[in-house]
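**Student:** Questions regarding the structure given below will be posed in turn.
The values are calculated or read from the model by the stated rules, or taken from the named source; none is laboratory data. Predicted model only: the values in this text are computed from it and were never measured. Quick reminder, even Gly has a Cβ in these numbers, built from the backbone with ideal geometry, and neighbours come from all protein chains shown.
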């Protein structure tokens, strides 16, 4: 019985570690951060974003890709001098 409780506590601890440390850290990776920013700025329903079979996701994906292309090809402005 104690062994089962230990497994439960360890499992919940691992889940908490993943939720509060690993997943937030993954959002900061260079390949993921721009997508997360566009999803937040454009008010895209992120819950639906990952259902690849829906038309809404197809439109959202096209929009995110276009915004990311625009960001990549945007001219860099020179810093203003005082």
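**Student:** Any residue in region 28-46 that is assigned by TED's automatic domain parsing to the domain that holds residue 67, farther than 20 Å from residue 70 by Cα and either touching a helix residue (DSSP H, G or I) at 6+ places or on another chain (Cβ under 7 Å) or assigned to a helix (DSSP H, G or I) (or both)?
**Tutor:** yes
**Student:** Hey, among 36, 19, which residue is surrounded by 11 or more Cβ atoms within 10 Å (Cβ to Cβ), within 17 Å of the chain's Cα centre (by Cα) and at pLDDT 80 or above?
**Tutor:** It is 36.
**Student:** How many residues, within region 52-82, are modelled with pLDDT under 75 and surrounded by 10 or more Cβ atoms within 10 Å (Cβ to Cβ)?
**Tutor:** Qualifying residue count for the region: 3.
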